[in-house]
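The values are calculated or read from the model by the stated rules, or taken from the named source; none is laboratory data. Predicted model only: the values in this text are computed from it and were never measured. Here the Cβ is made from the backbone with ideal geometry for all residues, glycine too, and neighbour counts use every protein chain on show.
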């Protein structure tokens, strides 16, 4: 992951290597903080890998990559402004390093889109961003169950019944989406079917996967 970040920062954006390494260390610290059972660098790596498969759809793939790197850098399950805080963090870090304002604005809009997970028809970059971010929902059952368990751990401060109610509401909102994924690539590989199966199974389990 270090080489992947350095390639983007140095080769694509022209950031100095020492500065890029400093940003990397801060990203590692943020994503490795206590309580990060799912929203960590493994999630970022998975999302980036999926995004690579979707890059032909994107218009500004550099913006998508940057947004994925930073979209969960601020994460506190007790707060409702993580997306805005993450977008602000990205701008605060990248602007002094010479990243163009237009690119920063695009990155900000992509990160903020992960709050509602709704994609406008005229923005393919948002569609790639959101499908990559939620690709875990179409994972094989064992991988999905590990994800669901990790989310529960991140919300360990919530009593069981309250968690069941809240989690079920979120899952039902996702189930109501048809199609679920915004890109044809995800749909053609059975993504929607896998999502509906995984979410339905978790709802039946009351949000607690063994």
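Points worth noting:
- Every residue from the range 185-210 that is exposed (fewer than 13 other Cβ atoms within 10 Å of the Cβ) and more than 17 Å from residue 151 (Cβ to Cβ): 188, 190, 193
- Failed criterion for residue 171 (all others in (1) at pLDDT below 95; (2) more than 16 Å from the chain's Cα centre (by Cα); (3) surrounded by 15 or more Cβ atoms within 10 Å (Cβ to Cβ) hold): (1)
- When we screen 64, 73 for residues that are within 17 Å of residue 19 (Cβ to Cβ), within 14 Å of the chain's Cα centre (by Cα), at pLDDT 95 or above and buried (at least 18 other Cβ atoms within 10 Å of the Cβ), the only hit is 73.
- Taken residue by residue, the range 51-68 has no member that is farther than 28 Å from residue 121 by Cβ, in the same structural domain as residue 115 (by TED's automatic domain parsing) and in contact with a helix residue (DSSP H, G or I) (Cβ under 9 Å, 6 or more places away or on another chain).
- Residue match in the range 194-201 (condition: out of contact with any strand residue (DSSP E or B) (no Cβ under 7 Å at 6 or more places or on another chain), over 18 Å from residue 72 (Cα atoms) and at pLDDT below 95): no
- Residue 156 being in a loop (DSSP other than H, G, I, E, B), under 23 Å from residue 82 (Cβ atoms) and not assigned by TED's automatic domain parsing to the domain that holds residue 53: yes
- Yes/no for residue 79 being assigned by TED's automatic domain parsing to the domain that holds residue 26, surrounded by fewer than 17 Cβ atoms within 10 Å (Cβ to Cβ) and not in a helix (DSSP H, G or I): yes
- Residue count, the range 9-49 (criterion: assigned to a helix (DSSP H, G or I), under 27 Å from residue 146 (Cα atoms) and in contact (Cβ under 8 Å) with a residue 24 or more places away in the chain): 11
- Residue in the range 138-147 that is in a helix (DSSP H, G or I), under 18 Å from residue 5 (Cα atoms), out of contact with any strand residue (DSSP E or B) (no Cβ under 7 Å at 6 or more places or on another chain) and free of Cβ contacts under 8 Å to residues at least 60 places away in the same chain present: no
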